[in-house]
Each structure stands twice: as structure tokens, then as C-alpha cells.
Amino acid sequence: MAESGCREQGSADKAEPVLKHSEGHTHVVKMLLALVALGQVCFASAQDAKAIDEIVSGAMAKNHTPGLSLAVVRDGKVAYENGYGFADIENKVPATPETVYEIGSVTKQFTAAMVLQLLGEGKLKLDESIRAYLPDLPEAWKPVTVWNLLTHTSGIKAYTDVPKFYSEMREPAGDHGFLDLVGKLPFDFEPGTDWKYDNSGYFILGLVIEKLTGKSFAENLQERISKPLGMRQTMVNDWEEIVPHRARGYQAGPRDVPENTGYVDLSWPFAAGAMISTVGDLAKWDAALYTDKPVKQSLWKLAWTPAKLANGREEPYGFGWALGQMNGVPYIDHAGAINGFNAEIIRVPSKKLTVIVMCNAFPGIAVQVARAVIMTLDPSLKQVYKAVSDPDPKRTALHEDLLAAFAGGNAKEGLFTDDMKSRLFPGFANQLYRDLKDLGKIESFVLIRLTNSGGFERREYHAVMGGQGLDLVVVTDSGGKIAGFSLVLT
């Protein structure tokens, strides 16, 4: 995508977002999406801009998304940025590239960056027990290292997986509130022997950063990253602070009409997910990731290396970054989801191409939109799906039926391990139902990759429903129970 300069958006380019009552539902507000473009928009071609806008507007309309902001970064420079819909429905405030969103777990890469800085300063070691830095942690946690926390291989129970969390999330966590919730719970697995996404690990890393520096996580973020990089709207969220251009968060209500999201005390997401930012600020962050500031490239390489478990199995996750490939080309990314918000940053370093998406909806469409945009801008990234030999067609048929069941809202919990059952039902299953219910029948379902490691079988499928592509990953244990599950619209 070669740059061809920038142009100032004039009044003819601005379309006022419209709110109307939807047919058949009195007093139900439904958004009719139109492009909102404020400030400068730079792009390679009108064709690219049109393609991006069509992807975004189509996804927003289909998923009833109130507002979204997007930036495309090429060679460390913003090539295109735009806002769509509303940052605030009630006050009809348009979303723009300057809109401030909660970014949820995208926070984790900033936490990891500060840990790497402390590593470079000789203040911690990756293979050191976390109790060496926080001796008040439970004695049972002594085998857990800093590396385990960074890579989600600690086995410590994720506090967001504890049912009691949802009745306590409106109250301040505090160090002891967090420990009261998970400190006495048994490990999900022995440290280093398995992988499970774990917000507890990054909560603890935030405590380690504060202990070693004598400053709050928020102060460290400002001094170590935000101020040096000129990221003026990137900070730890604070409900009491006046934040210009702050978006309001929404969740899917009855009949898919957006409603105001529920409250969570920010001491809970903390270093695992409490930051706010803009697409423009994350574009500055992306540019810095090609340099030695704020973290040296030699240290970033550690963060972009798959975690290797004790049995030799590799997991596609580093330090605060997920790792993958698009049509054989490596990429790194991370999504964030928190009450009322959804974000995604996806980077293809070899192409020096990045797409950043933020929206004020939960569940959101940030990952779906970012992947569609980046593959549109660089068609070489579009996956070529080739079927592989299937030693167990009955299992494939079972997984195809499972996809259809999620689309019908009647997936059976008994197919999953107890852990996956608690993580999928009812919240994630309801989200999948909303995403899939209107797509129609499954037109194709193809096994594209099969691997076995550590007693687990990992099956990757590509499916098409109503013309919509889906990438599905199903991991089963030795007993045939589903121990891992993910689905991404492509």
C-alpha cells in the first residue's frame, strides 16, 4: 500500500450518523451507519479507503455496533484513520480517530514491556520465583516464575474464571481482595506444564512492577512509555478523571439493541486490562516497536517467541502478544475485551503493516474488522485453505455439528472439560449465538491442520456459513473432551 499523501476532509465528505426507530420495534433505537470522518485522512488510494469503509460499516450494521475507530499504519506512519458511528449514542457524539476507548487486554503488552525494561535494568529475572519479589504471596506459588506469568503458563486460577468475581467486581480489589479470591485455590495445572489464558498472572505482574519501582502501575506507564512516546491519551483508566473524547461503553441488550454496560471497579482489571487509549496513540506505539525505545529489540524478541512447555509443546503466545500466521506470513496481535469495549492491534512486521481497531461494544467486532482490513490491503495475507488428510472423519463431523449447535443456541456443555464449560457457558456461548444465528447453513467445513502434542489433539478448520468465512480451532484431551475452543470470523 504505497502512500499518496493526505487530504483534508471537507463538509462534502462528512455524513451525519443517523438514529432511527427500527421497524416493528417501538421505542427501540437502531443505528443506521454512515461514515464519520473528522480531521486528516491519509490513504494509498480512494479504492483502499472505500474498501475499508465498506468492511467497517457492514460489520457494524450487522452487529449493531455503536461506534468504532480505526487506523492503518504503514512503515510506522498512519496511512489511514477514521471514525464511524457514535462514541456516545445518547448525546450523538461521533466516533473519531481521537476517541478514547478502554482497550482491555491490549494492556498486557504494556505490562510486558515494563517487565522487559526492568529485566534490562537488572531488577528482575524471568526464571525467578515471583515470591522473591512478593514474599507475601502464597507459599504454594513459589514454583511460579515471572516467565510463567508473562506466558500464561503459571497454572494460577484466573480470577475472572471464579464465579464469585462477578458479584465482587463493583468493589475495589486491593491486594488482599485478589488473594482472598484466588490465593487458596488449587493450580489448574503445575507451572510450566500447560497453557491457559490467565488475567491473574498480569495482575500479579502489575504488583511486581510496583514493588520493584516504588511507584504505581499508572505512574510507571506514564513515565516509562506514554510520555516518552508522546502518547498523550494513553493511561490507566480513572473514572473520576475528566478525559476528553472518552467513549461510552455499550453491551448487546434485548433484540440486539445497545444498552449501557455494567460497571467494574478498575482495580480488578489493573495491569491485565485497565488502560485507555486511541488508535492514533497505538499507531505511535506500533512505530516504537521497530526501535529500541522504550524496549530494546533484543528483549522484544523474547516477547515474540512462542512459549515452550515442559513437554516440549509450543504455544502461540509470547509476553502479552499472541503469535500466528496468515497464509504463512508471521503476525503478532492481541485483542482486548472489557465491559462495553473491544480492541485489537494486529501487526505483520515483515510487511511493516499494522491495523488498529477500537469499538465501544461488548461483545465487539475489533478482531473481525482488523483481520478483514489487513487482508484486503495486502491480498498475499489471505489464507489459502487446503484440506489435509483426516484420520477421524467422525470427529470432524462432531465438530461441524457443534458449530451448527452454537449457531442454533443449543450447544451441549457435556462435550467440554469442566474448565472449558465454565469459560464458555453461558456468556461466550451466547455471544457465538448472536454472531452466528443469522448466517444460515454451513456451506463447507474443512480440516486444514491437525497436530498432536502432550496428549492433546489440535484441529483447525475453515468453515463457510452464508458466505462468511470462519476459522475454528478445537483442542481435545485424551478422553475426547474439548479442552480448547476458539472461533474467528475471517
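Just so it is clear, none of the values below were taken in a lab; they were calculated from the coordinates. Quantities reported herein were computed from a predicted structural model and do not represent experimental measurements. All Cβ positions, glycine included, derive from the backbone under ideal geometry; neighbour counts span all protein chains shown.
For S129, nonlocal amide neighbours, meaning residues 5 or more places apart or on other chains whose placed amide H falls under 5 Å from its own, do not occur.
Applying a DSSP loop filter and a limit of 16 other Cβ atoms within 10 Å to the GluC sites (Glu not before Pro) in region 391-449 leaves nothing. Diffusion coefficient of the chain by Stokes-Einstein, Kirkwood radius over Cα pairs, 25 °C, 0.890 mPa s: 105 µm²/s. Rg and Dmax of region 111-165, based on Cα coordinates, read 12.3, 39 Å. 3J(HN,Hα) along region 73-78, derived from phi through the Karplus expression 6.51 cos²θ - 1.76 cosθ + 1.60 where θ = phi - 60°, amounts to 10, 10, 6, x, 10, 5 Hz, with x in place of Gly and Pro. Derived scalar couplings between HN and Hα for region 306-317 equal x, 6, 9, 7, 4, 8, x, 5, 9, 10, x, 8 Hz in order, rounded to whole Hz, by the Karplus curve 6.51 cos²θ - 1.76 cosθ + 1.60 (θ = phi - 60°), x for Gly and Pro. Backbone phi angles across region 56-69, fed through the Karplus curve with coefficients 6.51, -1.76 and 1.60 (θ = phi - 60°), yield HN-Hα couplings of 5, 4, x, 5, 5, 5, 5, 9, 6, 7, x, x, 7, 10 Hz in residue order; Gly and Pro are listed as x.
For G466, neighbours were defined as the other residues whose beta-carbon sits under 13 Å from its Cβ, and their charges (Lys and Arg +1, Asp and Glu -1) total 0. Within region 369-477, the proportion of C-alpha pairs whose separation exceeds 17 Å stands at 60%.
Bridgeable lysines around K196 (alpha carbons under 23 Å apart, same-chain partners fewer than 8 residues away excluded): K108, K125, K142, K157, K164, K184, K301, K308, K412, K421, K481. If each DSSP helix of 4+ residues adds -39,500 (n - 2.57) and the sum is divided by the residues in the chain, what number results at 222 nm, nearest 500 deg cm²/dmol? Rounded to the nearest 500, the figure is -8000 deg cm²/dmol. Each peptide among 218-228, 293-303 gets the average number of other Cβ atoms lying within 10 Å of its residues, and from highest to lowest they stand as 218-228, 293-303. Neighbour counts of C-beta atoms inside 10 Å place H334, H64 in the sequence H64, H334, starting with the fewest.
Under a 5 Å amide H cut-off, with hydrogens placed 1.01 Å from N, G262 pairs with nothing among residues at least 5 apart or on other chains. Its Cα centre serving as origin, the chain has a Cβ charge dipole (Lys and Arg +1, Asp and Glu -1) of approximately 720 debye. Other residues whose C-beta falls under 10 angstrom from the C-beta of R232 contribute a net charge of +1, scoring Lys and Arg +1 and Asp and Glu -1.
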